[in-house]
């Protein structure tokens, strides 16, 4: 699918869209994660912890639309449960960024921290690795493995960021809000990547203006 951007002399130019993770694929990967650990013969505390940690990681990658390095840098003290906000350091822009979180994800984070007594960095290892943050390479390998289980194309971390932006756009969220969510320097940066027409957006827009493409009398 292409999208249209202004071009010189008032013309319009079709540009290739940025690849992104769909909401359906996001949910398929969560299901694949459940399947992988539910099928393990040994139902150990370690395996349960890893499943819950990785599930929360995927959810945080989606809701924050943060780059993987930024998400992995989130600490327990960066979550404000009273105001339901989360902050993390955007390494690319060298600044802190604060986002809202809904009550559902706030409860998930709280339960995870309390159940596994997690302090400091949220996404750490287990046992002897409990003080080590998991790596970007680990997440990439995990996503590749879960993509196979889910029966979908290979997914990499950055598709989560593109995925949330496209999903918000399809739901009619203003570009300014999407730009803030992604910690972009301006709405122009956001528009250059995400101001595209997707099938869902096209369907909703056409339905708004032309309820029946065959004509009202058909």
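The values are calculated or read from the model by the stated rules, or taken from the named source; none is laboratory data. The model shown is predicted, which means the values in this text are computed figures rather than measured ones. Methodologically, a virtual Cβ is constructed for each residue, glycine included, from the backbone with ideal geometry; neighbour enumeration extends over all protein chains shown.
The set of residues from segment 139-175 being at pLDDT 90 or above, surrounded by 13 or more Cβ atoms within 10 Å (Cβ to Cβ) and outside any helix (DSSP H, G or I) comprises 152, 155, 156, 157.
On the stretch given as segment 115-138, residues that are in a helix (DSSP H, G or I) and either in contact with a helix residue (DSSP H, G or I) (Cβ under 6 Å, 6 or more places away or on another chain) or more than 22 Å from residue 35 (Cβ to Cβ) (or both) total 5.
Looking across segment 176-190 at every residue that is in contact with a helix residue (DSSP H, G or I) (Cβ under 8 Å, 6 or more places away or on another chain) and not in a helix (DSSP H, G or I), the one that is farthest from residue 19 (Cα to Cα) is identified as 186. Entry remark, segment 6-45: residues being modelled with pLDDT under 85, closer than 20 Å to residue 163 by Cα and either in a helix (DSSP H, G or I) or out of contact with any helix residue (DSSP H, G or I) (no Cβ under 8 Å at 6 or more places or on another chain) (or both) number 3 in total.
The sole residue among 73, 110 that is at pLDDT 95 or above, closer than 23 Å to residue 141 by Cβ and out of contact with any helix residue (DSSP H, G or I) (no Cβ under 6 Å at 6 or more places or on another chain) is 73.
Which of the residues that make up segment 59-106 are part of a loop (DSSP other than H, G, I, E, B) and surrounded by 17 or more Cβ atoms within 10 Å (Cβ to Cβ)?
65, 66, 67, 73, 74, 101
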